[in-house]
Amino acid sequence: MRGDDERQASVWSYIPLEQRVPVDHPLRPLRAMVDAILIELSPQFERLYARVGRPSIAPERLVRALLLQVLYSVRSERLLMEQLDYNLLFRWFVGLQADDPIWDATVFTKNRQRLLEGDIARAFFERVVTEARRRGVLSDEHFTVDGTLIEAWASLKSFKRKDAPGGPPDDPGNPTVNFHGERRSNATHASTTDPDARLFRKGDAHEAKLYYQGHVLMDNRAGLAVDGSLTPASGFAERDQGLLLAARRAARRRITLGADKSYDTRDFVAALRGLAVTPHVAQHTTKRASALDRRTTRHPGYEVSQRRRKRIEEIFGWLKTVGLLRKTRHRGVARVGWMFTFGLAVYNLVRLRTLAAQPT
């Protein structure tokens, strides 16, 4: 028989959120890993808060909510609060009951600032890497380094001369700016919206934009990010940060480091060898000689590194398509760097879940 289309809303529900989430839902293994890491971070959370005063949003719930924002590409905190209000799956993951009130978006943002000041993203990321090492999926010898451009949340209209007198714009919403024929550089100009962003272009065929630059050190065995950093964009930042990231790993044992052709310079290769790092850099032979020769490239390990290094683009692709970092929604090196590091941690969690589901 035909069922009733009753419009009267039920007042009570006796099914807990834990039972509403399927046992095979992909968020369940992530929740288990995240909860274990947050327990380890509890002493660090304790140092960020006063002993007395009004209770704030629990930092564990803040981290879980931010993780959902990255996983589901929720573009703003206001939309995230809206989702938490009616999405029972989100409520379960964050740790809220079905009837718990949702925080105001401004309150959520203010509480998130405390996590930024405590460098919680770095601590969370390092514990995710430690979990990967505990599971035996990381290599201690073979790595890849690369960088990617992250577009800043600032318009080219905000890129003005540093010594220019400031005045009210003719149209506050969309001011008229005529910079045709004007030579602009980072030495003489800066963005009034985001002073940390730098004017940069990827190549001769690309337009110049305001960018940051993210740098990642990847493990070649599992394709996990084991270290990362963020800097203002420049032509030397990739190699400088590549040396810094490699030095942190080379202090433990001799390693190999794969990289693309932009790292094939004599200074970079010599600096790696000075760190006892074997350079497995792609050879750049267009109109010049490579810094590597057959003494390095003849070994089978060099060919393996050249195949594996391309997987680092999967990390950058995920961060930009899923992790909201194609164009950052934040300003300043500290805040953008926090989100970049946190995004790497979330990527690693997703990757660990995938590796655990694969048959051995």
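The values are calculated or read from the model by the stated rules, or taken from the named source; none is laboratory data. Computed from a predicted model, the values in this text were never measured in an experiment. Virtual Cβ from ideal backbone geometry, glycine too; neighbours counted across all protein chains shown.
Can you say whether Ala121 is free of Cβ contacts under 8 Å to residues at least 60 places away in the same chain, touching a Phe, Trp or Tyr at 6+ places or on another chain (Cβ under 9 Å), of a type in the set (Gly, Ala, Ser) and in a helix (DSSP H, G or I), as far as the supplied structure shows? Explain how you work it out, then say what you get.
Working: free of Cβ contacts under 8 Å to residues at least 60 places away in the same chain: no; touching a Phe, Trp or Tyr at 6+ places or on another chain (Cβ under 9 Å): yes; of a type in the set (Gly, Ala, Ser): yes; in a helix (DSSP H, G or I): yes.
Answer is no for this residue.
Within segment 90-100, if we keep just the residues that are in contact with a helix residue (DSSP H, G or I) (Cβ under 9 Å, 6 or more places away or on another chain) and not aliphatic (A, V, I, L, M), the residue that is surrounded by the most Cβ atoms within 10 Å (Cβ to Cβ) turns out to be Phe93.
Please find, within segment 124-158, the residue that is farthest from Ile255 (Cα to Cα) out of those that are β-branched (Val, Ile, Thr) and touching a residue at least 12 places away in the same chain (Cβ under 8 Å).
Selected residue: Ile150.
With the condition being over 25 Å from Asp104 (Cα atoms) and touching a residue at least 24 places away in the same chain (Cβ under 8 Å), I'd like the helices (runs of 4 or more DSSP H) fully within segment 1-92 carrying at least 3 qualifying residues.
On the way: elements: 17-20, 27-46, 59-71, 77-86.
Output list reads 27-46.
Within segment 104-120, can one find any residue that is of a type in the set (Gly, Ala, Ser) and either in contact with a Leu (Cβ under 7 Å, 6 or more places away or on another chain) or surrounded by 12 or more Cβ atoms within 10 Å (Cβ to Cβ) (or both)? Let's see the steps before the verdict.
Pass one, segment 104-120, residues of a type in the set (Gly, Ala, Ser): 105, 118.
Then keep just the ones that are either in contact with a Leu (Cβ under 7 Å, 6 or more places away or on another chain) or surrounded by 12 or more Cβ atoms within 10 Å (Cβ to Cβ) (or both); that gives 105, 118.
Yes; the residues of segment 104-120 include at least one that is of a type in the set (Gly, Ala, Ser) and either in contact with a Leu (Cβ under 7 Å, 6 or more places away or on another chain) or surrounded by 12 or more Cβ atoms within 10 Å (Cβ to Cβ) (or both).
The residues in segment 271-302 that are assigned to a helix (DSSP H, G or I), in contact with a strand residue (DSSP E or B) (Cβ under 9 Å, 6 or more places away or on another chain) and surrounded by fewer than 19 Cβ atoms within 10 Å (Cβ to Cβ) can be counted, and the count is 4. Restricting attention to segment 319-360, the residues being farther than 15 Å from Leu30 by Cα, β-branched (Val, Ile, Thr) and under 9 Å from the mean Cα position of the chain (by Cα) number 2.
Mind checking which residues of segment 45-69 are among the β-branched types (Val, Ile, Thr) and either surrounded by 14 or more Cβ atoms within 10 Å (Cβ to Cβ) or modelled with pLDDT of 85 or more (or both)? If you could, list the steps in order and put the result at the bottom.
Just the residues of segment 45-69 that are among the β-branched types (Val, Ile, Thr), to begin with: 52, 57, 63.
Those that are among the β-branched types (Val, Ile, Thr) and either surrounded by 14 or more Cβ atoms within 10 Å (Cβ to Cβ) or modelled with pLDDT of 85 or more (or both): Ile57, Val63.
Being more than 22 Å from the chain's Cα centre (by Cα), surrounded by 11 or more Cβ atoms within 10 Å (Cβ to Cβ) and assigned to a helix (DSSP H, G or I) is a property that Glu238 lacks.
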